Amino acid sequence: MMIPNRKEYLKALANSGQKIMGVLPALYPRELLWAFDIHAAEIWDPPGEILHANAHLQTTICPIVKRSLEFILKEPDIINAGYLFPHTCDSLQNLGTQVKDLIGVSLPVYTFYNPKGSFNNTTTRYYRDILQNFQLSMEAVYGPLAPDKFLAACVLSHKIDSHLMAIQQARMTDHLSLNNAEYFKLMRAQEYLLPTDYLSLLEQVDILDQPGESPRARMMVSGILPPTPEILEFLDELGVSIVADDLLAGSRRIPKFPMDAPVSPLDYLTDRFFILPPCSTRGGDLDERLHHLSKHMNASQAQGILFDIVKFCEPELFDHRLLVKTLRGKNYPVLTLETELENHISGQDKTRIEAFTELLFEMVSP
Amino acid sequence: MADLYFAGVDVGSLSTDVSIIDHSGKLLSETVIPTGVNGSEAAEVAFDSAIKLADLSREVITAITATGYGRASVAFATGKTTEISCHGVGAHQLFPKTGTVIDIGGQDSKVIQIDSHGRMLDFTMNDKCAAGTGRFLEVMANRLELDLDELSSPLNIEGESAPISSTCTVFAESEVISLLAKHTPREHIVHGLQRSIVNRIWSMVASIGIEGEVTLTGGVAHNRGLVVLLEEKLGLTLNIPENPQTVGALGGAHIARRAYQSSLELGPN
């Protein structure tokens, strides 16, 4: 399974004349963009040194925001249709304002203010409103939305979700012959591949008829982004498989259960938003999140959970303490790592991870 | 299992320690040498020295566990385990009622909870700063022009100790410089430094909790002043091993012994 390189793929797309919008994390109506023939290239953790962004941001801002701003300030030639800032957290929301009003990038800047809170009449009405407003702002630039294209985009999204749900289930039950690094590379390819290309990639994933070899230990991971490739490879070396995730860049973007095929795009997108797994960035009930974590720990037979927390990530840190306390109370081993999205593992983190796996190995040893 | 010997080699940031035990778990020899710049060389030297002390030869050592931050560099080891597991097992061997281990090493400090067999249940480790570690004391001893022994005395000072940051070694050093400039008595500064480490350790203990007896390991356990303050803060008496630096190596030797026993129980492939 060959997954194209992110930068090269997007460059080639831009060179071919494709409209590309840079989208900040995490939840946004990608189907609406697709219906306008705009490709969403998500900006989570662009690599490179943070230099210019530090002039605009406080030191206590998370590295996702800093890296994103650094990327935007360089005005990369692959983004040509503007930037979209969903209201994932206050830092990202403020970054949208800063980029638009203070820094003055040359491309248009859009915002999308997700509702905070669970499913109810007010939040659903609000969500429909912001979807329609976003549609209007796109129509002002790109002309009227074609209803058939909007529906087709939702159908494509539905197909992608169905594949991702099956792959996620296969991962939990050892029916997938991908190591940690390969699995998360596949998950993250949706951030930049055209939906049709991503669907083709998912269709190539081999789901085994029988479970493959069991890993030495099974782990769940929670946080915003998957652990860095270096950590994933290290876990592979140790024989630990991440069998389930609670990641914003992972399963928190996949509906909790299968949906009917879309008929009305607005209804479909609204329903989809509210059946996503609980997430710190959407507010909501912490008990629901705990229940979700426990359910996935049990379903995947994970022996422990790794919280990989992006430094200064307020939404995650807000929930983290109570989650850890409760999970420890239920005798789930918990390890927390703090990441600044560096591309190496410190000796201390290596020891933490290795000691945690020793603890998990002890649990499974006779 | 007669005439079987096991070793633990702990390559730490400041010292490299080796323990050798026999088949019954009896300690035969221990060595501690500075690690220097070459961990694998230090491991070789310390291992040879421990073997000589035990009056053995390399060939008779059945299994060797490497541990410590330089564990990957011990080419002659038969297995490697983190110092967190090793300190748990080592503390259990010395004080079987241990439920909590506080290890204050050269560059790391850890609080480890263990079960009644010495197996790790949970742990926490200091963040990316040397505050609350042996290195912190070294830096401060240097700045105060004291040796580590002078920094270790229990102090009965009059009045408050000098307030010193417990979160950052670099800030703490700046604070010490300011205190010296203000002619603060050195014993007040030393007391403040000991308290700073104790506060740091206490916050780690608070995050994980205390179970059973508490054993203090690592070179910093030699610091009597710090031990007194830590006991006062925790409200209990700590188990202090005779050689707190070698507890990780001792645990490593016992892990090697257990692994060998397990391999016998499982039988040949």
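Here, each number is a calculation from the coordinates, and none is a lab measurement. Please read all numbers here as calculations on a predicted model, not as lab measurements.
Provide the percentage of antiparallel DSSP beta bridges, counting only those with both residues in chain A; round to the nearest 5. Before the final figure, lay out the partial values.
On the way: 1 of 30 bridges.
Of all bridge pairs located within chain A, approximately 5 percent are antiparallel.
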Kindly count the pairs of lysines across chain B whose alpha carbons are less than 30 Å apart, treating pairs on different chains or eight or more residues apart as eligible.
14
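Take the eigenvalues of the Cα gyration tensor for the protein assembly as shown, scale each by 5, and report the square roots as semi-axes in whole Å, largest first.
On the way: eigenvalues 518, 179, 88 Å².
Over the Cα atoms of the protein assembly as shown, the ellipsoid semi-axes are 51, 30, 21 Å.
How much of the DSSP beta bridge set in chain B is antiparallel, as a percent to the nearest 5? If you can, show how the numbers build up before the last one.
On the way: 24 of 38 bridges.
If I count the DSSP bridges inside chain B, around 65 percent turn out antiparallel.
Below 8 Å, C-alpha to C-alpha, sequence gap of six or more: please give me the relative contact order for segment A:6-146 in percent.
On the way: 179 pairs, mean separation 34.3, N = 141.
Normalised by residue count, the contact order of segment A:6-146 is 24 percent.
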With axes computed from alpha carbons, what is the tilt in degrees of helix A:229-238 against the longest principal axis of chain A, rounded to the nearest 10 within 0 to 90?
20
Give the share of C-alpha pairs in each 20 angstrom bin for chain A, from 0 to the last occupied bin, in whole percents, shortest bins first.
29, 61, 11, 0
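Please figure out what share of the DSSP beta bridges in segment A:1-138 is antiparallel and state it in percent, rounded to the nearest 5. Show your work: numbers first, answer last.
Numbers: 0 of 11 bridges.
Percentage antiparallel, nearest 5: 0.
Can you give the percent of C-alpha pairs in segment A:155-269 whose distance is more than 23 Å? Walk me through the numbers before you get to the answer.
Working: 1931 of 6555 pairs.
Distances greater than 23 Å cover 29 percent of the Cα pairs.
Taking Cα atoms of chain B, Rg/Rh with Kirkwood Rh, to two decimals? Before the final figure, lay out the partial values.
Details: Rg = 19.2 Å, Rh = 19.0 Å.
In chain B, Rg relative to Rh is 1.01.
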Please work out the C-alpha center-to-center distance from segment A:1-29 to segment A:319-366 and express it in whole Å.
33
Kirkwood hydrodynamic radius (C-alpha pairs) into Stokes-Einstein, segment A:6-146, 4 °C and 1.567 mPa s, D in µm²/s
82
Whole-Å distance, taken between Cα centres, linking segment A:138-175 and segment B:140-178
61
May I ask you to list the lysines whose Cα is less than 21 Å away from that of A:Lys100, ignoring any residue fewer than eight positions away on the same chain?
A:Lys19, A:Lys66, A:Lys74
Quick one: what do you get for segment B:98-240 if you divide its Cα Rg by 2.2 N^0.38 Å?
1.03
How many lysine pairs in segment A:148-364, separated by 8 or more positions in sequence or lying on different chains, have Cα atoms less than 27 Å apart?
20
Shape box of segment A:311-366 [Cα atoms, principal axes, largest first, Å]
40, 29, 12
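How big is the equivalent ellipsoid of segment A:148-364 along its three axes, where each semi-axis is √(5λ) from the Cα gyration tensor, reported in whole Å from largest to smallest? Present the calculation step by step, with values, prior to reporting the outcome.
Values: eigenvalues 166, 83, 54 Å².
Working through the eigenvalues yields semi-axes of 29, 20, 16 Å.
Assuming a viscosity of 1.567 mPa s and a temperature of 4 °C, what translational diffusion coefficient in µm² per second does Stokes-Einstein assign to segment A:232-284, Rh being the Kirkwood radius over Cα pairs?
Once the numbers are plugged in, D ends up at 98 µm²/s.
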Specify the inter-centroid distance of segment A:291-313 and segment A:71-117, based on alpha-carbon positions, in whole Å.
30
Sum of -39500 (n - 2.57) over DSSP H runs of 4+, divided by residues of chain A (222 nm, nearest 500)
-15000 deg cm²/dmol
Computed over segment A:214-366, the relative contact order (Cα-Cα under 8 Å, seq sep at least six) in percent reads 30
